[in-house]
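Bear in mind these aren't lab numbers, they're just calculated from the coordinates by the rules spelled out. Computed from a predicted model, the values in this text were never measured in an experiment. Because the Cβ atoms are built from the backbone with ideal geometry, glycine has one as well, and the counts that use them run over all protein chains shown.
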Amino acid sequence: TQSTRPQRLLAAVQKNATRGDPRSVVLAIDQFCRQKEWAMNVGDEKGCILDSVVSEVNPGAVLELGTYCGYSAVRIACLLPPHGKIITLEFNPDNAAIARQVIAWAGLEEKIQLVVGASGDWIPKIKEQFGVKTFDLVFLDHWKDRYLPDTKLMEECGLLREGSILLADNVICPGTPDYLEYIRNSPRYKSQYFKSHLEYTKVEDGLEKSVFLG
Ligand SMILES: O=C(NCCCOCn1ccc2cnccc21)c1cc(-c2ccc(F)cc2)cc(O)c1O
Ligand SMILES: [Mg+2]
């Protein structure tokens, strides 16, 4: 039976990356996506912007919406402070199964909590289920039409504190127009656009970084 792209991506990690070396996992995925098959990881160019934001925030608690194969969860987790943790949410159980194995190959199971389900269902339950008060950093990388409703839901559920950072992927391609309109015009956020390119291509894309002002 035919393998899937995430399965081929995992095979490339297991073949080319060193167990327990997260940076070699990131490199193996980027090389696979550049040389073999495009895949929707945040990628190396936008990944550098993600790295700089994570390093600046130095977050104890991170929420990622959209795990896919675990590339950005691994990238974030290897920059966290000693007790820092990331909760990453994936809707597709097949992708989640691949991501678990990528995360294990990187040796980051202790720092990354992978949850399978829909953001709309899980966001209201995170506080009680995971004992999280608020998130220092949220990385939005899931269905583009869920960025806005889920941001409002996180506000309502008290998951954001004054100074919490939202970092949104794909605000140009595929695009999140309603989210951008809201976040750039809301008095409750201060936003900044980081111009870049769609992963592994020359197409314009970018990350929107927003500080919740409380
Ligand atoms: O679609 C994309 N990502 C989302 C995946 C599903 O996410 C579903 N999903 C994951 C957790 C989760 C939680 N609740 C609901 C849905 C939830 C996505 C797409 C592209 C892209 C750009 C150009 C193209 F020609 C084709 C594709 C690039 C990206 O960087 C992306 O991130
Ligand atoms: Mg993306």
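Under the rule of -39500 (n - 2.57) per DSSP H run of 4 or more residues, summed and divided by the residues of the chain, what mean residue ellipticity at 222 nm is obtained, to the nearest 500 deg cm²/dmol?
Theoretical 222 nm ellipticity from helices: -12500 deg cm²/dmol.
Rounded to the nearest 0.05, what FRET efficiency do residue 127 and residue 104 have when you use their Cβ-Cβ distance and R0 = 25 Å?
Plugging the Cβ-Cβ distance into 1/(1 + (r/R0)^6) gives 0.40.
How tilted is helix 22-35 with respect to the longest principal axis of the chain? Cα atoms for both, answer in degrees (0 to 90, nearest 10).
Tilt of helix 22-35: around 80 degrees.
Using the Cα atoms of segment 71-214, I'd like the radius of gyration and the largest Cα-Cα distance, Dmax, both in angstrom.
15.1, 43
Just to confirm my numbers, what's the Cα centroid distance between segment 33-96 and segment 102-137 in Å?
If you average the Cα positions of each part, the centres end up 12 Å apart.
Working out 0.36 nm times the residue gap between residue 92 and residue 152, then minus their Cα-Cα distance, what length gain in nm do you get to one decimal?
Computed gain between residue 92 and residue 152 is 19.3 nm.
Just flag the trypsin sites (Lys or Arg not before Pro) in segment 62-144 sitting in loop per DSSP whose Cβ has no more than 10 other Cβ atoms within 10 Å.
Within segment 62-144, the qualifying trypsin sites (Lys or Arg not before Pro) (loop, at most 10 other Cβ atoms within 10 Å) are 133.
Report the GluC sites (Glu not before Pro) located in segment 78-142 that are in a DSSP loop and have at most 13 other Cβ atoms inside 10 Å of their Cβ, or state none.
Answer by residue number: 109, 110.
If I take every Cα pair under 8 Å that is 6 or more residues apart in segment 82-214, average their sequence separation and divide by the length, what percent do I get for the relative contact order?
The normalised contact order for segment 82-214 reaches 20 percent.
Test of understanding: what is the full-extension gain from residue 203 to residue 36, defined as 0.36 nm times their sequence separation minus their Cα-Cα distance?
Taking 0.36 nm per residue and subtracting the Cα distance, the gain is 58.3 nm.
Would you please classify the overall shape of segment 34-111 from the alpha carbon gyration tensor, given that a ≥ b ≥ c denote the square roots of the eigenvalues, rounded means a/c under 1.5, and beyond that prolate means a/b larger than b/c while oblate covers the rest?
Cα axes put segment 34-111 in the oblate bin.
Grab the Cα-Cα distance for residue 8 and residue 55, subtract it from 0.36 nm times how many residues apart they are, and report the gain in nm with one decimal.
13.9 nm is the gain from fully extending residue 8 to residue 55.
Which listed residue (168, 76, 192) has the Cα farthest towards the positive end of the charge dipole for the chain, taking +1 on Lys and Arg C-beta and -1 on Asp and Glu C-beta about the Cα centre?
Farthest towards the positive end: 76.
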